[in-house]
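A short write-up of the structure that comes next.
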Amino acid sequence: MADVNRGNRPLSPHLTIYRPQLTSITSILTRITGNALIVSMLLVVWWLLAAATSPEHFAVANGVLTSWFGDLLLFLSLWALWYHTLAGIRHLIWDNAIGLDLPTAEKLGYVVIGGSVVLTLLTVAVI
Amino acid sequence: MAFLTDRKRAEGWGSAKSGTRHFWSMKVSSVALLFLIPLFVFTFGSILGGTYEEVTAAFTRPFPAIVAGLTVIVAFKHFNEGFQTLIEDYVHGAMEKVLIIGMTCLTYGAIATGLFAIARMAL
């Protein structure tokens with residue numbers, strides 16, 4: 001209202017101005033992994049519907065999910081799922097105003113990245 | 001002015017419309033998924049790759065069917081709310097509303113489809 005200089009004022013620095021840091025990259029990856037998971041979530045629902053419909057439909061959906069492309073997609077989704085889960089735990093911790101200082105946040109960032117890779121490989125090994 | 005509560009002062013301004021409801025809802029579903037995701041990954045992971053008969057037989061058992069049903073509901077609800085935040089951050093105006101409504105149709109549709117499929121195999 002008092003701001004008559006609309007459109008021609010200095011803006012606060014945005015993403016592009018900053019050097020990529022562990023904290024910013026792990027934060028952005030949380031959003032990317034969470035939203036990208038919709039692809040495999042919809043594929044799994046399609047696979048369930050196909051299994052509930054007929055052997056012919058199941059053969060098509062199952063063929064896609066177990067092809068090399070399906071394997072790759074599910075493998076990447078598995079990593080995204082564990083990454084998003086660990087990053088989510090980090091947010092649940094942060095919500096209590098714990099671990100927000102830079103050294104701890106960066107340490108947790110390494111835990112999220114390393115942990116997601118370890119959990120992904122463990123899951124593949126177990127299944 | 002001194003008699004106004006903090007809540008009353010905040011009402012109607014900025015994001016003070018629904019308070020922390022969205023935040024809390026995401027928090028509840030994220031804690032639920034913390035338990036559901038490992039259960040789903042390992043039950044679904046062991047079922048995937050089986051034949052048609054094996055897969056349909058697996059979902060007649062209560063545990064895989066209930067875990068899958070719960071995961072479909074909570075995961076798509078969590079996605080719905082998370083994706084809404086993504087849209088609100090980057091898209092504005094009419095397209096913002098169109099995308100939120102479209103994405104809500106997609107997620108609710110996926111929940112209904114998933115539950116139908118699981119119920120049909122389970123029963």
Residue in region A:84-111 that is surrounded by the most Cβ atoms within 10 Å (Cβ to Cβ), counting only those that are more than 14 Å from every other protein chain (Cβ to nearest Cβ) and in contact (Cβ under 8 Å) with a residue 40 or more places away in the chain: A:Gly109
B:Thr43 vs. criteria buried (at least 19 other Cβ atoms within 10 Å of the Cβ) and either closer than 18 Å to A:Leu37 by Cα or in contact with a Pro (Cβ under 6 Å, 6 or more places away or on another chain) (or both): yes
Index of the failed condition, A:Val45 passing every other in (1) part of a helix (DSSP H, G or I); (2) of a type in the set (Val, Ile, Thr); (3) more than 10 Å from chain B (Cβ to nearest Cβ): (3)
Number of the exception - B:Ala65 against (1) exposed (fewer than 13 other Cβ atoms within 10 Å of the Cβ); (2) more than 9 Å from every other protein chain (Cβ to nearest Cβ); (3) over 22 Å from A:Ile32 (Cα atoms): (1)
Single unsatisfied condition, A:Leu78 versus (1) over 13 Å from the mean Cα position of the chain (by Cα); (2) closer than 19 Å to B:Leu34 by Cβ; (3) in a helix (DSSP H, G or I); (4) not hydroxyl-bearing (Ser, Thr, Tyr): (1)
Here are B:Ala10, B:Ala2, B:Ala32: which of them is of a type in the set (Gly, Ala, Ser) and at pLDDT 95 or above? B:Ala32
Closer than 30 Å to B:Gly109 by Cβ and of a type in the set (S, T, N, Q): which single residue out of A:Thr26, A:Thr16, A:Thr30, A:Thr104 fits that description? A:Thr30
Where residues in region B:68-123 are surrounded by fewer than 17 Cβ atoms within 10 Å (Cβ to Cβ) and polar (S, T, N, Q), which of them is nearest to A:Trp82 (Cα to Cα)? B:Thr85
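The values are calculated or read from the model by the stated rules, or taken from the named source; none is laboratory data. Here the structure is a predicted model, which means the values were calculated and not measured. Positions of Cβ are generated from backbone atoms using ideal geometry, with glycine treated the same way; all protein chains shown enter the neighbour counts.
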